[in-house]
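The values are calculated or read from the model by the stated rules, or taken from the named source; none is laboratory data. Predicted, not measured: the structure shown is a model, and the values here were computed from it. Glycine also receives a Cβ, built like all others from the backbone with ideal geometry; neighbour counts cover every protein chain displayed. The protein model used for the area step is the full one, side chains on, heavy atoms only, and it has no ligands, DNA or RNA in it. Shrake-Rupley method; radii C 1.70, N 1.55, O 1.52, S 1.80 Å.
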Amino acid sequence: MTQVADPPVQRERAAVTARRLRRWVRRRRAGRGRTLSLETAYVLVLTVAMAVALAGPRLGPALWPEQPVAGPDRAVVLVLLGAGAAGLVRLLRGLGPLVLGRDELTWLLPAPVARRGLLLPALVRALTVGAVAGAVLALAGVARLAARPISGPALAGWLAVGAAAGVLLALLAVAAQRRPAGARLLDAGLPAVLLALGATALLARVQPLPVLPPVAAPPLALTVAVLGIVVALTAVAVRGLARLPDARLYEPSLTVGTYLDAAYAVEPSFVADLRERRYWRRRALRSRPLRPRRGWLVPWQQDLLVLRRRGRRVAALFAVAALPALLTTGPGWLPTAALVVGAVTAGGVTLDALRRDAAHPALLRLLGLTGRRAVAIRLIVPALLATAWSGLAMAVLSWLGDLPSGPWWALGLAFGPLAAMTAVRRAQAGRIDNSLPLVETPMGAIAPGPVMWLGNGLDVLVFAVPTLFALLVNVQPTWGWVGVQAGLSAAAVLAYVQFGADTRRPRV
């Protein structure tokens, strides 16, 4: 009696290899132009070379100081490296990390193609990203912690250890993509790890922790052990590619495809729309009536409802309010940049509603609200969030940093409304205007549309000169400085609400 093989076994035997299929597709496309032309490669290489030549002499001493950090700053650097590793895992989890192109997702994934050969290039890409990111973190750690002078073999050894650690983190993200229970556990554990690392860094600032002395080169046994573990786990991951379900590939692939479309079309508004859709798609929608006594309170009540539903994100933002204080071990401008970015991010938690107001103006008309009045109401919650965040961040910075004594917390509170106004201006940014004429420069023609989009809202920081000057120059502020900053913030917000705020601008 003839034994009939199971359908999966028959499919695996009859499957063509993905390599042969890709080779056939490349031959069919041979006469239709190259994916990456020599001109494009030349422009990319020239851009990188010019960036290194122009910024290298200035950034070199800041990125690689003459002496390693000492004292409690060493523990802070170690904690920041751990936070960078956790951020790498979170980034890879957000991107997949195993993704396919739209053509492969549509035609090759349902076809009788060997699954392992189909997903092997995606695994190589994920491991490459992890290796590069790990090597960059290792280089940053060597620049801050390694004893001077450091030899070439020692630096290569640290880079190898960092790249291997990055590959391990990428393999962890790949394993989480295959197992939903592990993915939920990893997504829930990463914020806890980041919070523990931040608390450790703050403790190191208050009470010095015992840290390892500077090490010139990594131990050979450690390097060999890490590389051996990487090779073994990579073999296990390659073996498990054949059992990865199709459902784990569709959403990450579509997400990365949208990111690539935004980069190719130079249109970042696609990313904001995708992020909002993904957020609401993962939530169980519940209906809650909005019944204020006055119609103009409906947008404000909606912002409060969104703020309550995004409680975890708000808690995470306030948990990282100590980040400017932890970045004092780096260049002097880094804490200031972290303060501005953090306050603007905190102010933008509820501002997705501005795009909905622009897309559906009939809702505002039913409430009897004009565009200017709606923006003024939408500005209340962001102003409260940005003010609270910047005040807390400045208080921690003055407590743990090297700032002179003064009412820094009050200066942060006075700076908060400007950060909220910047967040509102950023949320109101529409599509990039590519119809503007090119600007001729000695280095070539530059399209002003993307530059203007990136700079949208940053002009508001002109009114934050007292706060930025005090942080950058390390000047002791007085209550007079706080009064000047509060007056500038109030004048800027009132002028914007009275003359500049409107929801009729083209948005996405």
Restricting attention to region 421-436, which residues are out of contact with any Ser or Thr (no Cβ under 9 Å at 6 or more places or on another chain) and open to solvent by 100 Å² or more (accessible area, probe 1.4 Å)? ASN434
Only one of VAL99, VAL136 is buried (at least 16 other Cβ atoms within 10 Å of the Cβ) and in contact with a Leu (Cβ under 8 Å, 6 or more places away or on another chain); which? VAL99
Test result for VAL226, modelled with pLDDT of 85 or more and under 30 Å from LEU119 (Cα atoms): yes
When residues of region 200-223 are filtered for being open to solvent by 60 Å² or more (accessible area, probe 1.4 Å), farther than 30 Å from SER151 by Cβ and at pLDDT 70 or above, how many remain? 1
Among the listed residues ALA393, ALA410, identify the single one that is open to solvent by less than 20 Å² (accessible area, probe 1.4 Å), more than 21 Å from PRO299 (Cα to Cα) and within 23 Å of the chain's Cα centre (by Cα). ALA393
For region 326-339, give me the residue count where each residue is modelled with pLDDT of 85 or more, crowded, with 17+ Cβ neighbours inside 10 Å and over 19 Å from GLY457 (Cβ atoms). 1
Any pair with Cβ under 6 angstrom, 6 or more apart, that starts in region 167-186 at a residue that is within 11 Å of GLY96 (Cα to Cα) and of a type in the set (Asp, Glu) and ends at one that is open to solvent by 20 Å² or more (accessible area, probe 1.4 Å) and assigned to a helix (DSSP H, G or I): none
Just to be sure, is LEU285 within 30 Å of ALA262 (Cα to Cα) and modelled with pLDDT of 85 or more? no
What is the residue count in region 466-482 for residues that are open to solvent by 40 Å² or more (accessible area, probe 1.4 Å), assigned to a helix (DSSP H, G or I) and in contact (Cβ under 8 Å) with a residue 24 or more places away in the chain? 3
Can you say whether LEU38 is at pLDDT 75 or above and open to solvent by 100 Å² or more (accessible area, probe 1.4 Å), as far as the supplied structure shows? yes
For VAL76, which of the numbered conditions (1) open to solvent by 10 Å² or more (accessible area, probe 1.4 Å); (2) modelled with pLDDT under 80; (3) within 26 Å of the chain's Cα centre (by Cα) fails to hold? (1)
Residue satisfying condition, being surrounded by 13 or more Cβ atoms within 10 Å (Cβ to Cβ), at pLDDT 85 or above and hydrophobic (A, V, I, L, M, F, W, C), within set LEU274, LEU317: LEU317
Starting from region 55-77, take each residue that is of a type in the set (S, T, N, Q) and list its partners that are modelled with pLDDT of 75 or more, counting only C-beta distances under 7 angstrom and pairs at least six apart or across chains. GLN67/ARG148
Considering every residue within region 340-349, establish whether at least one is open to solvent by 30 Å² or more (accessible area, probe 1.4 Å) and either at pLDDT below 90 or under 15 Å from GLN301 (Cα atoms) (or both). no
Of the conditions (1) buried (at least 16 other Cβ atoms within 10 Å of the Cβ); (2) touching a helix residue (DSSP H, G or I) at 6+ places or on another chain (Cβ under 7 Å), ASP402 fails just one. Which one is it? (1)
Please determine whether any residue of region 444-465 is of a type outside the set (Asp, Glu), under 30 Å from ARG356 (Cα atoms), outside any helix (DSSP H, G or I) and free of Cβ contacts under 8 Å to residues at least 12 places away in the same chain. yes
